[in-house]
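Take a look at the structure set out below.
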Amino acid sequence: MVKVTLTLDEETVRTLRKMAERTKKPQSLVVREAVAHYAAREDKLTPEEQARMLRALDEFRKVAQPRPRSEVEKELRELRRSRRTGWHRPWDR
């Protein structure tokens, strides 16, 4: 463990002390758990970010040109083959 010094406002300190007392945990453990919980939530997109990304996907779908299944399957076969034999630029063949 590493010792750190934090500056917290009075209300946050009162809340921390109440939580530690209520849960019968050291204040440092309450802080570690709170940071871990916050970090787990921070990795998720906010509703605004989700909406922005979905709009971008919708825009992409409008301009994306569908390809025939045979063309897609041909490209996949080529990719699989190149992974087995090592990748080369198409113009180097």
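Read-outs: derived from the displayed coordinates by stated rules, not from any lab. Note that the structure is predicted; figures quoted are calculated from it, not measured. Glycine also receives a Cβ, built like all others from the backbone with ideal geometry; neighbour counts cover every protein chain displayed.
Charged side chains reduced to their Cβ positions (Lys and Arg at +1, Asp and Glu at -1) give the chain a dipole of some 620 debye around its Cα centre. Both radii come from the Cα set of the range 10-86: Rg as radius of gyration, Rh as Kirkwood radius; their ratio Rg/Rh reads 1.41.
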